[in-house]
Amino acid sequence: MKKAAADGSPVIIKKYANRRLYNTETSSYITLEHLAAMTREHRDFKVVDAKTDDDITHNVLTQIIMEEESRGQTLLPVSFLRQLITLYGDSMQAMVPGYLEASMDSFRRNQEQFKTAVEGAFAHSPFAEIAKRNLAMFEAAAHAFKPGAAGAPGTTATPASATTGTAETPAKTDEMAALRAELARLQDKVDKLG
């Protein structure tokens with residue numbers, strides 16, 4: 001849910017010809033990084049051209065994505081970008097924004113449901129610590145499959161045991177197998193909840 005200004009309207013950000021951004025709520029100049037932070041905090045804002053008063057929020061948000069992507073925070077795979085470009089001018093173009101928005105909303109809901117289910121299921125039980133480790137493993141696995149992440153498909157990574165010179169003990173192997181089984185069981189629970 002987006003947080004609006006005190007009066008319920010979005011915060012107005014003015015963009016000047018010199019490319020500077022002015023936050024009318026705080027009466028201060030800000031950067032794209034500030035807008036990215038506001039977005040992560042679910043702050044509702046609208047960026048307008050200071051001269052024409054045109055709404056340029058879409059352009060500025062796209063610019064923020066480009067900045068993040070250029071810093072190595074790649075989230076959009078090349079194949080997805082190619083497919084997206086082919087949809088411009090296509091007869092299905094009008095349907096794509098709604099579809100992408102619904103898909104992202106569904107992804108967010110599933111992510112939150114999974115987190116809530118794991119945290120709630122084990123909050124007051126002896127398995128709380130195991131649940132925390134499982135959640136950490138799940139998040140590490142999800143991170144590993146992001147394009148460009150260490151250990152992601154198509155990248156090379158050195159196992160921790162190889163870099164430290166220690167071998168995995170049978171007890172560690174058994175513990176990892178148990179954690180994997182528990183993670184699979186939790187995933188089944190989440191799938192059933194969804």
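Structural remarks
- Per-peptide average of other Cβ atoms within 10 Å, ordering 14-22, 80-88 highest first: 14-22, 80-88
- For region 1-75, the convex hull spanned by the alpha carbon atoms encloses 97 Å³ per residue.
- The Rg/Rh ratio for region 19-138, using Cα coordinates for both the radius of gyration and the Kirkwood hydrodynamic radius, is 1.08.
- Ranking 78, 47 from most to least accessible surface, computed with a 1.4 Å probe over the protein chains only, gives 78, 47.
- Split the accessible area of region 1-101 by element, probe 1.4 Å, and carbon with sulfur accounts for 57%.
The values are calculated or read from the model by the stated rules, or taken from the named source; none is laboratory data. Given the structure is predicted, the values throughout are model-derived calculations rather than measurements. Because the Cβ atoms are built from the backbone with ideal geometry, glycine has one as well, and the counts that use them run over all protein chains shown. Ligands, DNA and RNA are excluded from the accessible area calculation, which covers all protein heavy atoms including side chains. Shrake-Rupley method; radii C 1.70, N 1.55, O 1.52, S 1.80 Å.
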